[in-house]
Amino acid sequence: MTNNYSKSFSTDKQALNYENREYDENSYSSVLWEFEKELLTTLITEFRHSTGGQSIDYLDFASGSGRIIAYVEDKVDTATGIEVSPAMCAIASKKLKHGKLICTDITLPDAAIEKKYDLITAFRFILNADPELRTIAMKALSLRLKDEKSWFIFNNHGNPFSVKLMMWPVHFVRQLYKGRDPACNYLTNAQVYRLAAAADLQIIRVIGYGFLGGRIAKIFSKTLACRIESILAKCPLLPVFGINQCYVAKRITIPGNAKRSS
Ligand SMILES: C[S@@+](CC[C@H](N)C(=O)[O-])C[C@H]1O[C@@H](n2cnc3c(N)ncnc32)[C@H](O)[C@@H]1O
């Protein structure tokens, strides 16, 4: 199985690098994180409302250093993080108040379903994962959705139809240099829809964000960059050109249940 991505954060150095560099206070990722926090709050409030206020069992897949689960754990009733790297789990465990972490690989063929969830998130995973791992992970997560009302929120941070297109030649050479398939640095909406469909998932909403890109965002203060990103995300038609595309998906069929969701 081509599953290199599952080993890419296995050392303490790699985990700390992600935690300290990717989300450095002045990084572009930290600008987008401000937008994502608001987005997650809005979506979870809406999800709770849509289920009539029932309790929410939540899973953050590929929880990494705990960025998403640490933010969401107070907004749900139970919170579980699943992460393959013990080094990442060690960082995440320091941030959690009551969420629990499971350090395991649910994409392995013999992995049992540990629990089903009302709400699942997976951020910064689908794009980075090897193509085969993407498909397997989407199916594994789809099977963990409790029922047709459950939501799976995930993102693709490599939409080629964005400011990223300008950097395509640089990214192409860099990926080749790293011995990776250059196409894996980008994922179109159409590809994501196909991945979702193959996992019996129906995408019910797409939210686009991340318009400036790291180089342009650096021209502004972080506060101003956040403000610009937030304004652009509200402009009609523009969101399809966001580097990041966040998807809300529901399961189409639940095994043993013939009913299809509308
Ligand atoms: C770029 S990090 C994203 C972390 C977190 N979701 C975030 O948005 O900050 C991707 C994470 O996916 C994890 N990962 C890779 N393969 C995995 C697998 N098969 N099962 C669980 N986690 C996996 C990596 O160890 C890494 O921590």
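For the chain, relative contact order (Cα pairs under 8 Å, six or more residues apart, normalised by length) works out to 19 percent. Put simply, the C-alpha atoms of the chain give a gyration tensor, and the ellipsoid matching it has half-axes of 27, 22, 20 Å, longest first.
Each of Ser65, Ser50, Ser27, Ser150 was scored by other Cβ atoms within 10 Å of its Cβ. Listed from fewest to most, they are Ser50, Ser27, Ser150, Ser65. Applying a threshold of 18 Å to the alpha-carbon distances of Lys94/Lys115; Lys7/Lys178; Lys94/Lys146; Lys115/Lys149 flags Lys94/Lys115; Lys94/Lys146 as lying beyond it. Taken about its Cα centre, region 4-251 carries a charge dipole of about 440 debye when Lys and Arg each add +1 at the Cβ and Asp and Glu each add -1 at the Cβ. For the chain, the membrane-span-like helix rule (DSSP H, alpha carbon extent of at least 18 Å along the helix axis, mean Kyte-Doolittle at least -1.0) picks out 28-50; this says nothing about an actual membrane. What the Cα atoms of region 81-151 give is an Rg and a Dmax of 12.7, 34 Å. By the rule of a C-alpha distance below 18 Å, with chain neighbours fewer than 8 residues away ignored, the aspartates and glutamates paired with Lys139 are Asp60, Glu83, Asp105, Asp110, Glu114, Asp118, Asp130, Asp147, Glu148, Asp200. Under 20 Å Cα-Cα from Lys97, which lysines qualify once same-chain neighbours fewer than 8 residues away are excluded? Partners within reach: Lys37, Lys75. By the count of neighbouring beta-carbon atoms within 10 Å, fewest first, His49, His171, His157 end up ordered His49, His171, His157. For the pair Leu176 and Lys116 in one chain, pulling the backbone fully straight at 0.36 nm per residue adds 17.7 nm over the alpha carbon distance. Our helix-only sum for the chain, with -39,500 (n - 2.57) per DSSP H run of n ≥ 4 divided by its residues, gives a mean residue ellipticity at 222 nm of -10500 deg cm²/dmol. Once the mean of 1/r is taken over each pair of separate Cα atoms and inverted, region 194-234 shows a Kirkwood hydrodynamic radius of 12.3 Å.
Suppose the chain between Asp12 and Ser30 were pulled fully straight at 0.36 nm per residue; how much longer would it get relative to their current alpha carbon spacing?
4.3 nm
Could you work out which residue, out of Ile207, Ile126, Ile113, moves most in a Gaussian network model of the chain, that is, has the largest mean-square fluctuation with Cα springs under 10 Å? Largest GNM mean-square fluctuation: Ile113.
Straight-line reach from Lys222: taking Cα to Cα under 17 Å and skipping same-chain neighbours fewer than 8 places apart, the aspartates and glutamates in range are Glu22, Asp24, Glu25, Glu34, Glu36, Glu38. The shape of region 1-120 comes out oblate: with a ≥ b ≥ c from the C-alpha gyration tensor, a/c is at least 1.5 while a/b does not beat b/c. One Cα centroid belongs to region 102-180, the other to region 55-81; the line between them spans 16 Å.
Every number in this text was worked out from the coordinates using simple rules, so none of it is lab data. All of these numbers come straight from a predicted model, not from anything done at the bench. Please note: Cβ atoms are built from the backbone with ideal geometry, for glycine as well, and neighbour counts cover all protein chains shown.
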